[in-house]
Amino acid sequence: MNDPRAGCSVAAIAIAGVLLVLVLAIYPQYRVYSQRLAGEAALAEAQSSRQVAILEARAKKESAISLAEAEVIRAEGAAKANKILQNSLGGPEGYLRYLQIQALENTKAGLIYVPTEAGLPVTEARRLEGQQQQ
């Protein structure tokens, strides 16, 4: 009655039972451990993304401040240049006439209206009558 295979079968069943108990006891703890590590990884990634966003925002702010300072410097330079031109041309009226002459030189128009003393252009009513008849 002492079959050597029967002893192996009992030993195999006993080992399988012990392994099953170990798996049932360790697996829930492993899942908790695994989820905790996943949570820590997600938190680390979120913190890193936040730090990157903060650094990008700081860089944009510094860039905007530098651009604003450069624009102020450019405007101050233009104002000084305009003041020098204005003073050398006899005041604001002379400077405006200078700008008007510059604009007339750069235009390619065939017809130019020059303002009168009142600041209104002289119109050509007769010229328009000729175009309406055609």
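All of the numbers you see were taken from the coordinates with simple rules; none came from a lab. Bear in mind that the values here come from a model prediction, so they are computed numbers and not experimental data. Virtual Cβ from ideal backbone geometry, glycine too; neighbours counted across all protein chains shown.
Site pair residue 99 and residue 10 shows an inter-label distance of 11.2 nm when each label is modelled 7 Å from Cα along Cα→Cβ. In this rough spin-label picture, where each label sits 7 Å from Cα along the Cβ direction, the residue 34-residue 76 distance is 6.5 nm.
Taking 41 Å as R0, compute the FRET efficiency from the Cβ-Cβ separation of residue 19 and residue 48 and round it to 0.05. So, using R0 = 41 Å, E works out to roughly 0.50.
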